[in-house]
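The values are calculated or read from the model by the stated rules, or taken from the named source; none is laboratory data. Bear in mind that the values here come from a model prediction, so they are computed numbers and not experimental data. We place every Cβ from the backbone using ideal geometry, glycine too, and count neighbours over all the protein chains shown. When the accessible area is computed, the model is the full protein with side chains, heavy atoms only, and any ligands, DNA or RNA have been set aside. Shrake-Rupley method; radii C 1.70, N 1.55, O 1.52, S 1.80 Å.
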Amino acid sequence: IEDITIKDCWGDCIYIGYTTTPATNVTLRNLTLDGGSRQGISITSAKNVVIENCEIKNVSRTAPQSGIDIEPNADSVVDNIVIKNCNILNCGGWGIQLFNKHIESINNIYIQNVIIDGCKSGLGSGKLNIVGLTIDSVVIKNHTMRGLTLMPTDDETSEVDLSHIRNVNVTNVYVDVP
């Protein structure tokens with residue numbers, strides 16, 4: 001899918017996945033996704049996805065309100081996802097959310113040259129157990145809560161490998177407590 005604009009849609013602007021059989025070899029290039037109600041892009045069952053030169057903005061109304069949400073369904077796998085040269089702006093939730101309810105179902109996520117600006121939170125995870133996470137040259141700024149959050153699973157033996165996280169600039173991130 002290339003060179004299109006999706007605007008003011010109900011639900012997710014783009015949803016990749018659905019069943020336990022993953023979508024494969026998907027490329028999203030030069031897209032503008034503006035005004036999604038729930039997510040800009042949801043990835044729930046997929047292998048070999050490239051999201052490149054996209055602008056995702058103004059995602060709001062229905063939780064979780066992320067620019068990109070990588071969150072496998074039960075018995076699904078998300079593997080080899082590349083997000084590069086994208087701007088994610090003004091989302092009511094995460095700019096990029098990695099949420100792994102199902103252990104060992106997210107592998108090989110590569111995020112490079114991404115700007116996340118003005119979202120509630122920047123780039124983060126809950127219950128993270130990812131093999132092969134790379135974050136490189138990412139700017140996270142102007143958020144009302146978290147900048148960069150990488151939380152391991154509830155399992156006491158799990159860890160987050162930080163060896164492939166580099167050149168991340170987090171600025172103007174604050175917590176607004178009433």
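Below are the figures for this structure:
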| quantity | calculated |
| --- | --- |
| Residue within segment 141-155 that is among the acidic types (Asp, Glu), open to solvent by 20 Å² or more (accessible area, probe 1.4 Å) and at pLDDT 90 or above present | no |
| Filter pass, GLY36 being within 23 Å of THR171 (Cα to Cα), open to solvent by less than 40 Å² (accessible area, probe 1.4 Å), part of a loop (DSSP other than H, G, I, E, B) and of a type in the set (Gly, Ala, Ser) | no |
| Close pairs (6 angstrom Cβ cut-off, 6 or more residues apart or separate chains): closer than 14 Å to CYS54 by Cβ in segment 19-35, basic (Lys, Arg) anywhere | ASP34/LYS7; ASP34/LYS57 |
| Matching option when the condition is in contact with a Ser or Thr (Cβ under 8 Å, 6 or more places away or on another chain), within 21 Å of ASN108 (Cβ to Cβ), open to solvent by less than 30 Å² (accessible area, probe 1.4 Å) and assigned to a strand (DSSP E or B), among ILE14, ILE41 | ILE14 |
| Hits in segment 38-85 (condition: under 11 Å from the mean Cα position of the chain (by Cα) and farther than 18 Å from TRP10 by Cα) | ILE51, ILE70, GLU71, ILE81, VAL82, ILE83 |
| Residues of segment 87-113 classified as crowded, with 20+ Cβ neighbours inside 10 Å and under 11 Å from the mean Cα position of the chain (by Cα), total | 9 |
| Scan of segment 114-138 for residues that are open to solvent by 20 Å² or more (accessible area, probe 1.4 Å), modelled with pLDDT of 90 or more and of a type in the set (A, V, I, L, M), ordered by number | ILE115 |
| Selection count where residues are in contact with a strand residue (DSSP E or B) (Cβ under 6 Å, 6 or more places away or on another chain), at pLDDT 95 or above and not basic (Lys, Arg), scope segment 4-22 | 7 |
